[in-house]
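Reading through the structure tokens given below for one structure.
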Amino acid sequence: MDFAVERAKLVAQLRQGIKDEQVIEAMAWVSREFFVPLEVQYLAYEDRPLPIGFDQTISQPYIVALMTEALELSGNERVLEVGTGSGYQTAVLAELARSVITTERVMALSERAKTMLASLGYTNIEVHLAGETLGWPKSAPYEAILVTAGAPCVPPDLLAQLAIGGRLVIPVGSLYEQELCKVTKQRRKNVTENLGGCYFVPLIGKGAWEEQPGELT
């Protein structure tokens, strides 16, 4: 399979909904096949989520592009990503931001993503195992925060880590369906936009969903 050809077809499809040319260029540059298991690598450029183990998924490329576009990155931002997963979204963000700090609660996924991103030459990414508090407060505030799992509401701990004027993109809703929300932090009242329906695995932690007994961490 010629992955370059398949990637070009996907990028052409993404142009129908994504207007930010820098996001399009990042999606054209990052090789999704490196971030999916070998057994589903032939599906790398289908516009669909794929399993990556531990009941987690790599997001649909259109959703990756949509969430990235909503952050309105100019290149100077420090970005927080909550939910590293395979590292694919991380790589896309790293193409567009000054630096990316990303957290993952599943140790095996965190280590796998860290190894892959380093092997691809990224030097502006920090991968951390998630702590008790959502996000990574030590390096706050962030100009942009992207969350790759669904929450019942916008977690206050993440809003606290967002700079004034910063953008937070997060799926909010039930365990079975969510709305993709963009929150712009203001001094008086935050502005929230609805970007459409979506479905993500649950965000686990304080201010989100509780961990289920026996769940892998």
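Taken together, the values in this text are just the output of simple stated rules run on the coordinates, not laboratory data. Only a predicted model underlies this, so the values are computations on that prediction, with no experimental measurement involved. Don't worry about glycine lacking a Cβ; one is built from the backbone with ideal geometry, like all the others, and counts go over all protein chains shown.
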*Take the alpha-carbon centre of region 1-66, take the same for region 122-140, and report the distance between them in whole Å.*
24
_Normalised contact order of the chain, rounded percent, pairs of Cα under 8 Å and 6 or more residues apart_ = 15
*Stretchable slack from Gln186 to Ala163, in nm (0.36 nm times residue separation minus alpha-carbon distance)*: 7.4 nm
_MRE, 222 nm, helices only [DSSP H, n ≥ 4, -39500 (n - 2.57), over the chain, to nearest 500]_ = -8000 deg cm²/dmol
*Quick one: of the DSSP bridges fully inside the chain, what percent are antiparallel, nearest 5?*
45
_If I model a spin label as a point 7 Å beyond the Cα along the Cα-Cβ vector, how far apart are those points for Glu25 and Ala4 in nm?_
1.9
*Taking a 28 Å limit on the Cα-Cα distance, which of the listed pairs Lys114/Lys189; Lys114/Lys138; Lys19/Lys138; Lys19/Lys114; Lys19/Lys185 fall beyond it?*
Lys114/Lys189; Lys19/Lys138; Lys19/Lys114
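Report the Stokes-Einstein translational diffusion coefficient (µm² s⁻¹, integer) for region 1-53, Rh taken as the Kirkwood radius over Cα pairs, at 25 °C with viscosity 0.890 mPa s. Mind showing how you got there, number by number?
Values: Rh = 11.6 Å.
Value of D from the Cα-based Kirkwood radius: 212 µm²/s.
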*Among Ala144, Ala91, Ala108, which one moves the most in a GNM of the chain with springs linking Cα atoms closer than 10 Å?*
Ala108
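Looking at region 43-141, which trypsin sites (Lys or Arg not before Pro) are DSSP coil and have at most 14 other C-beta atoms within 10 Å of their C-beta?
Passing sites in region 43-141 are Arg98.
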*Starting from the Cα of Val40, step 7 Å along the direction of its Cβ; do the same at Arg98; then give the gap between the two resulting points in nm.*
3.6
*asked:* Cut-off is 10 Å between beta-carbons; in what order do Leu175, Leu93, Leu38 appear when sorted fewest neighbours first?
replied: Leu38, Leu175, Leu93
*So which GluC sites (Glu not before Pro) in region 121-162 pass both tests, a DSSP loop state and at most 12 other Cβ atoms within 10 Å of the Cβ?*
Glu132
*Considering the convex hull of the alpha carbon atoms of the chain, report its projected area averaged over all viewing directions, in nm², one decimal.*
11.2
*What residues from region 140-171 fall in the zone where the backbone N is under 17 Å from a label point 7 Å along the Cα-to-C-beta line of Trp209?*
147-155, 170-171
